[in-house]
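Below is one structure, written out as structure tokens; the observations come after it.
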Amino acid sequence: MYSIINTAVIRGMNSVIVQVEADVCDGLPAFEMVGVPASEVREAKERVRAALRCLGYRLPPKKVTVNLCPADIPKRGTGFDLPIALAVLAAYGLLESPRLAGTLFAGEITLRGRLQGIRGILPMALEAQRAGFLRMVVPADNVQEAGLAQKITVLPAEELGQVLGWLKGEGSLSPWQGEARTIIEENARPETDFAELKGQKLLRKACEVAAAGRHNLLMSGPPGSGKTMAARAIAGILPGLGEEEQMELAGIYSVSGMFGQLKQGGSCRPFRSPHYSITRTALIGGGKIPQPGEISLAHKGVLFLDELTEFQRPVLEQLRQPLEEREVRLVRLGGTYTYPADFMLVAAMNPCSCGYYPDRNRCSCSPTQIRQHLQKVSRPFLDRMDLTVEVPRLSVEELTHSYTGEAPGRKQAMPEEASCAVGAMPEEASCAVGAMPEEASCTVGAMPEEASCTIRARVEVAHRLQRDRYQGEGFLYNSRVPSGLLEQYCPMEPKARRLLGLSYDSLGLTARSYHRLIRVARTVADLARSETIGEEHMMEALLYRSMGDGLWRGLP
């Protein structure tokens, strides 16, 4: 006899409908599987036999052939167990049910017949929904994940026996009635708050600008100056994910088998901080069975590379293309896999091996050692960082200010022209760049007591301005504006344009860094509620650019 059961297989970030065909005939007893099955799929026959035997099914010795169609797509994963078991029973004539039509089945079976959760159930559910299936039977462990596909009935089951009882009409499977939910807690309190960061006015402002335009940020400074704390606090000032972004991110984590991590609060957007010993495959993605890497797990969030100079240089160089294209394409013998990688890169590093260069009173490194240390970061990689900030060592007055309530005795280096922040609008905005009137009477930069929620309010305003400005363009943030549209969306005042032209040669800018400089200035202007880029906005953007470049230009 012949039977057919519908299931699906993951291919990259997408899913493909697969038909499990089974044929039982006379001949030498055998159980053959064809259709390019991987080893874990071929092993399904042993799990299926044991599970059916446990349920009391004694299958006569026959020749069983199972075909996974289409046969030109490699079949991987353990989700084929359930459809194979049902196809074999139907081919033996032991299972007849009208419910088999219009239903997609997926799940792993243990030797005792229990259904186990599998990877990639969300893309499967979405594909089943698009293909017009009415129902989908999934393991109970995957029910919330599959339930995100709201236009298909999801039937959770804990055991194979439950599924068989439902198909025979001897039992029931209750459709999942869970309400549509937010994948990541919208109002989750950030793990690290900017209120915990002492001093560092310029660093705070740079973090705000980076978050407002989703720009890449590089911090350089001695140990203990607050670089790591600031990076972890950035995730807390980013606005929450939209519904479409949540579904896209959930699909990545589903394919990676890490969907459960999205249920844990902490921050609205993902924050990934891999150790510097990470391999290229783990960072970018790939492997024998291609899987998303850390850059894809950080999609729509923050990828933080601490101790940047300790990463292997070939690993860092692999980031250059994803930073430009916002996706990574892995070409393998079996096909091309594309994973989204639209992340905000934040990196931190020490300026030398001991961490105190260019303070020669404390730095004990030789000129050769300093040069070797900084050259671990290539200029093409550095060119892709929109903001580079030197983070100085804090004074004892700044560290104790929030406890004593007294003003610190030393101000952090800020231009005298801007009494509160670089690029502050004279008179009209005497408190700070982009400060919201009345609601945020403190400075954008930020007394230590200013909390992440206050900074986030300003970032959200900037994001709304960008969404309205770029509506229908296919991008949402200043950092994503194509170079061909910069003239249209980033109008500059004559003084700002003149300053940019003078800086091109003096700073040795490339075409890429030139365009990135304009995008940063556009974000600074948005925080200042300015429709055009003024001279003060361009000065602030140049300040962020010249700091890091100056460190490399000043190599001994």
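Note the full-extension length gain between D359 and E32 as 0.36 nm times their separation in residues minus their Cα-Cα distance, in nm to one decimal. Don't skip to the end; give the middle numbers.
Values: separation 327, 0.36 × 327 = 117.72 nm, distance 7.14 nm.
Additional length available on full extension: 110.6 nm.
Among all the lysines, which ones have a C-alpha under 24 Å from K151's C-alpha, if same-chain residues fewer than 8 places away are not counted?
Straight-distance partners of K151: K263.
May I ask you to order 47-55, 274-282 by the average number of other C-beta atoms within 10 Å around their residues, highest value first? Could the numbers behind the result be given before it?
On the way: 47-55: 18.6, 274-282: 14.7.
Descending packing order for the listed peptides: 47-55, 274-282.
Could you tally the net charge around G251, taking each other residue with its Cβ under 14 Å from the Cβ of G251, Lys/Arg +1 and Asp/Glu -1? Working shown, then result.
On the way: positive: R11, R119, R130, K300; negative: E127, E145, E243, E244, E245, E248, E327, D342.
Result for the neighbourhood of G251: -4.
Could you tell me the relative contact order of the chain? Use alpha-carbon pairs under 8 Å, at least six residues apart, and round to a whole percent. The partial results should precede the final answer.
Working: 1111 pairs, mean separation 70.3, N = 556.
Computed over the chain, the figure is 13 percent.
Within the accessible area of the chain, what % is carbon and sulfur when the probe is 1.4 Å and the other protein chains stay in place? Intermediate results must be reported in sequence, preceding the final value.
Numbers: 11670 of 23840 Å².
Exposed carbon and sulfur together represent 49 percent of the surface.
Rank by packing, highest mean first: peptides 249-261, 197-209, with packing defined as the count of other Cβ atoms within 10 Å averaged across residues. Mind showing how you got there, number by number?
On the way: 249-261: 19.9, 197-209: 25.5.
Listed from highest to lowest mean packing, they are 197-209, 249-261.
Testing the spin-label approximation: label points 7 Å from Cα along Cα→Cβ at I4 and T279. State their distance in nm.
My value for the distance between the label points is 4.1 nm.
Calculate, in nm to one decimal, what R130 and T368 gain on full extension: separation in residues at 0.36 nm each, minus their alpha carbon distance. If you can, show how the numbers build up before the last one.
Details: separation 238, 0.36 × 238 = 85.68 nm, distance 6.05 nm.
Roughly 79.6 nm would be gained on extension.
What percent antiparallel are the DSSP beta bridges of segment 1-116, to the nearest 5?
On the way: 19 of 26 bridges.
Percent antiparallel among DSSP bridges in segment 1-116 is about 75.
One-quarter of the Cα convex hull surface for segment 78-230, in nm²?
Numbers: hull surface 55.9 nm².
Projected area, direction-averaged: 14.0 nm².
Relative to the longest principal Cα axis of the chain, at what angle does helix 121-131 sit, 0 to 90 degrees, rounded to 10?
Around 70 degrees separate the two axes.
Using DSSP to call loops (not H, G, I, E or B), can you name the GluC sites (Glu not before Pro) in segment 88-134 whose Cβ has at most 13 other Cβ atoms within 10 angstrom?
Numbers: sites: E96, E108, E127; in loops: E96.
The qualifying sites are E96.
Report, to two decimal places, the Cα Rg of the chain normalised by 2.2 N^0.38 Å (N = number of residues). Kindly include the intermediate steps, with their values, before the conclusion.
Details: Rg = 28.5 Å, N = 556, 2.2 N^0.38 = 24.3 Å.
That ratio works out to 1.17.
Considering only A131, A195, V88, whose Cα is most displaced toward the positive end of the charge dipole of the chain, charges sitting on Cβ of Lys, Arg (+1) and Asp, Glu (-1)?
V88
I'd like the orientation of helix 243-255 relative to the chain: the angle between its Cα long axis and the longest Cα principal axis, in ° from 0 to 90, rounded to 10.
The helix 243-255 is inclined about 60 degrees to the chain.
Take the alpha carbon atoms of segment 450-529, find their radius of gyration, then divide it by 2.2 N^0.38 Å using N residues; give the quotient.
For segment 450-529, the normalised Cα radius of gyration is 1.20.
Return the calculated 222 nm mean residue ellipticity for the chain, to the nearest 500 deg cm²/dmol, obtained by summing -39500 (n - 2.57) across DSSP H runs with n ≥ 4 and dividing by the residue count. Please report the intermediate quantities before stating the final value.
Working: 21 runs with 197 residues, N = 556.
My calculation for the chain gives -10000 deg cm²/dmol from helical runs alone.
Once both axes come from the Cα atoms, what is the angle between helix 511-527 and the longest principal axis of the chain, in degrees from 0 to 90, rounded to 10?
That helix lies at roughly 80 degrees to the long axis.
Please give the FRET efficiency for E327 paired with R393, using the beta carbon to beta carbon distance and R0 = 25 Å, rounded to the nearest 0.05.
Working: r = 39 Å, r/R0 = 1.57.
Computed FRET efficiency for E327 and R393 comes out at 0.05.
Could you tell me what a quarter of the Cα convex hull surface of segment 60-140 works out to, in nm² with one decimal place? Intermediate values should be presented prior to the final figure.
Values: hull surface 25.8 nm².
So the mean shadow area of the Cα hull is 6.5 nm².
The values are calculated or read from the model by the stated rules, or taken from the named source; none is laboratory data. Just so you know, these numbers come straight off a predicted model, no measurement behind them. For neighbour counting, all protein chains shown are included, and Cβ atoms are generated from backbone atoms with ideal geometry for every residue, glycine included. Heavy atoms of the whole protein, side chains included, go into the accessibility calculation; ligands, DNA and RNA do not. Shrake-Rupley method; radii C 1.70, N 1.55, O 1.52, S 1.80 Å.
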